[in-house]
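Input: a single structure, listed below in structure tokens.
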């Protein structure tokens, strides 16, 4: 390759890599698989190895991929949060060992499982958690203290005797069970699910509303000591043992070795266990243990010279496509699913994988009988990656022009990739709506699961949610596995659900684009179903957190004749149409409050709920427009900014007095 050709290819690769860095690190919505991205970085590194003059400081090989967004306050890291150099073969691990020894180092190595999540820094002053931040570009990250404080695994206060100052680095991740729960909720509400647990963790941690973060079930593993005052530690293994003694969840699989072949054996052992972990790993990290040796080796512009990350290749297998099933969601969306000959993948047998929509099918060019390549996204959810061989008589699968459930025509809206059934009385949509209405997050009717809902709709007992409240014991006793006691229990649960409240009812109605949080906002703002029905677009748009799409969905839903009839019947059945939350006042009308630190009796979410219930606005950052900062222990940077701007600071007792509420501590 000549220099001009190398320059052109290098420039093209650099532009493409920076684009995908932005998608991955900043927007949490990557377009490439890990191995596809790795292929780009390996190519650009080969070019730079042949033409070193191209490895300038603005090359993506010379800096960490992320940036600090404008959504959060910026944090400058005292200790740079470096990334690790990736290697993809065991020979490259041996080459790393040779470089270490050529530098005059006789190493001990620590090998750890590489958790696939979002890297963060945690800071502690006198044993109290004061600040948490994302890595960003390694030098400047984002202050996400409030969101990190919702993660139970992060200790908020260290044991007595903790160092005066401590900064540690960890990886926030989403366990498999939490990821599956989240994707089920997203699919139920027909929202695009996160592609893998890593992106789910990143998207959850960088929410402006920390109550959303709290609901996502995030966890953390601490894998590095950044700074410490008042104690001397000699090596990585010792530091992890010490951090574990302080209550930190540290890297779950780690071991120390002298010989590189033992390191390689451990890498292979961790790889063989990938399918057994309750969280995602994408590799194994090899680090020089001794801190003095690390300091002697130093770092490049981007990587420490004393560590590498071995990346496992994605496990993919081929199978023959037997069929494509098309199912109907509760809002009428048609979803195609590939059915193929069973294969063992990442520790489990799989025979089905989602094909997303007709655009995806056409892009793959997939047809019945083709040989397809399948992998598990994040080692969890099966997905079709490619067609590797077309069958002789194969033709590209065409999505049906009519609903497979009711035979009604389907249509594709201009702003969507999905096809929808046009029949509002489609039996499959009806069933899914009934299941959603009775679910725990909605009306919470105990014992009214999918199997019961299916029987009730098949027998014609339930066609709409209102029919649930007309069910009789005689009807239930005609169904499979129902006896007098189980029938009585279900009827009691149905009766109890009548008192659930407006917020849950609005969510249960299945309004498009209105999840549980938006339903709660509607209930808190308007208080009664009548008021929600009568709300104008202007009033809906005034709700903090509401957008044009949500407003349009609400107005469209309440304009339908079917909605009015459904609500009439629910009222006649005695279903509560009022918000059960605390009575609202306007004592904080026009005032903006910021909550920071740990309060004596209230969680941050509870304090912010009281602010909004009393007419105020709960903000996440301090500015000149802030009326008060409600501060507790370990208030950190927000308290300092309040003092700098002259914003009044109040404690919990003063806050209770401000809203006219009795102080639980009697102060």
Is it fair to say residue 386 is at pLDDT below 90 and either in the same structural domain as residue 357 (by TED's automatic domain parsing) or crowded, with 16+ Cβ neighbours inside 10 Å (or both)?
no
When only residues in the stretch 408-420 that are in contact (Cβ under 8 Å) with a residue 12 or more places away in the chain and assigned to a loop (DSSP other than H, G, I, E, B) count, which is surrounded by the most Cβ atoms within 10 Å (Cβ to Cβ)?
418
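Can you say whether residue 432 is under 26 Å from the mean Cα position of the chain (by Cα), part of a loop (DSSP other than H, G, I, E, B) and either closer than 30 Å to residue 279 by Cα or in contact (Cβ under 8 Å) with a residue 12 or more places away in the chain (or both), as far as the supplied structure shows?
Details: under 26 Å from the mean Cα position of the chain (by Cα): yes; part of a loop (DSSP other than H, G, I, E, B): no; either closer than 30 Å to residue 279 by Cα or in contact (Cβ under 8 Å) with a residue 12 or more places away in the chain (or both): yes.
When the stated conditions are applied, residue 432 does not pass them.
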Residue check, residue 487 touching a residue at least 12 places away in the same chain (Cβ under 8 Å) and part of a helix (DSSP H, G or I)
yes
Just to be sure before I move on: is residue 352 assigned to a strand (DSSP E or B) and in contact (Cβ under 8 Å) with a residue 24 or more places away in the chain in the structure I sent?
yes
With respect to the numbered conditions (1) assigned to a loop (DSSP other than H, G, I, E, B); (2) in contact with a helix residue (DSSP H, G or I) (Cβ under 9 Å, 6 or more places away or on another chain), which one is the sole condition not fulfilled by residue 494?
(1)
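Kindly establish whether residue 324 is within 25 Å of the chain's Cα centre (by Cα) and surrounded by 18 or more Cβ atoms within 10 Å (Cβ to Cβ). Quick ask: steps written out before the conclusion?
Values: within 25 Å of the chain's Cα centre (by Cα): no; surrounded by 18 or more Cβ atoms within 10 Å (Cβ to Cβ): yes.
Spelling it out, it is not the case that residue 324 is within 25 Å of the chain's Cα centre (by Cα) and surrounded by 18 or more Cβ atoms within 10 Å (Cβ to Cβ).
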Quick check on the stretch 456-472: of everything there that is at pLDDT below 95 and more than 27 Å from residue 506 (Cβ to Cβ), which residue is surrounded by the fewest Cβ atoms within 10 Å (Cβ to Cβ)?
460
When residue 634 is run through (1) on the phi > 0 side of the Ramachandran plot; (2) in contact with a strand residue (DSSP E or B) (Cβ under 7 Å, 6 or more places away or on another chain); (3) without any contact (Cβ under 8 Å) to a residue 40 or more places away in the chain, the failure sits at (3)
Among 606, 572, which is within 24 Å of residue 500 (Cβ to Cβ), modelled with pLDDT of 90 or more and loosely packed, with under 14 Cβ neighbours inside 10 Å?
572
(1) buried (at least 20 other Cβ atoms within 10 Å of the Cβ); (2) touching a strand residue (DSSP E or B) at 6+ places or on another chain (Cβ under 7 Å); (3) assigned to a helix (DSSP H, G or I): which one isn't true of residue 284, the others all being true?
(3)
The lone condition residue 411 fails out of (1) out of contact with any strand residue (DSSP E or B) (no Cβ under 7 Å at 6 or more places or on another chain); (2) in the same structural domain as residue 320 (by TED's automatic domain parsing) is (1)
Index of the failed condition, residue 550 passing every other in (1) part of a loop (DSSP other than H, G, I, E, B); (2) under 26 Å from the mean Cα position of the chain (by Cα)
(1)
What's the number of the only condition in (1) surrounded by fewer than 20 Cβ atoms within 10 Å (Cβ to Cβ); (2) in contact (Cβ under 8 Å) with a residue 40 or more places away in the chain; (3) assigned to a loop (DSSP other than H, G, I, E, B) that residue 425 fails to meet?
(2)
Tell me which residues, restricted to the stretch 608-655, are out of contact with any helix residue (DSSP H, G or I) (no Cβ under 9 Å at 6 or more places or on another chain) and in a helix (DSSP H, G or I).
639, 640, 641, 642, 643, 644, 645, 653, 654
Counted residues, the stretch 435-450 - those being part of a helix (DSSP H, G or I) and modelled with pLDDT of 90 or more:
4
Cβ pairs under 9 Å, 6+ apart, first in the stretch 575-595 and at negative phi and at pLDDT below 90, second part of a loop (DSSP other than H, G, I, E, B) and surrounded by fewer than 14 Cβ atoms within 10 Å (Cβ to Cβ)
580/499; 585/660; 587/660
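Do any strands (runs of 3 or more DSSP E) lying entirely in the stretch 125-225 carry at least 2 residues that are touching a helix residue (DSSP H, G or I) at 6+ places or on another chain (Cβ under 6 Å), and which ones are they?
On the way: elements: 128-134, 140-142, 165-173.
In the stretch 125-225, the matching strands (runs of 3 or more DSSP E) lie at 128-134, 165-173.
Kindly provide the set of residues from the stretch 192-219 that are within 11 Å of residue 178 (Cα to Cα) and touching a residue at least 24 places away in the same chain (Cβ under 8 Å), ordered by number. So that I can check it myself, show each step before the final result.
Step one: of the stretch 192-219, the residues within 11 Å of residue 178 (Cα to Cα) are 197, 200-201, 215-219.
Within the stretch 192-219, 197, 200, 201, 216, 217, 218, 219 qualify.
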Any residue in the stretch 96-119 that is on the phi > 0 side of the Ramachandran plot sitting within a Cβ distance under 9 Å of a residue that is surrounded by fewer than 22 Cβ atoms within 10 Å (Cβ to Cβ)? List the pairs, counting only those 6 or more apart or interchain.
104/296
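The values are calculated or read from the model by the stated rules, or taken from the named source; none is laboratory data. Everything quoted here is computed from the prediction, not taken from an experiment. Neighbour counts run over all protein chains shown; Cβ positions are idealised from the backbone, glycine included.
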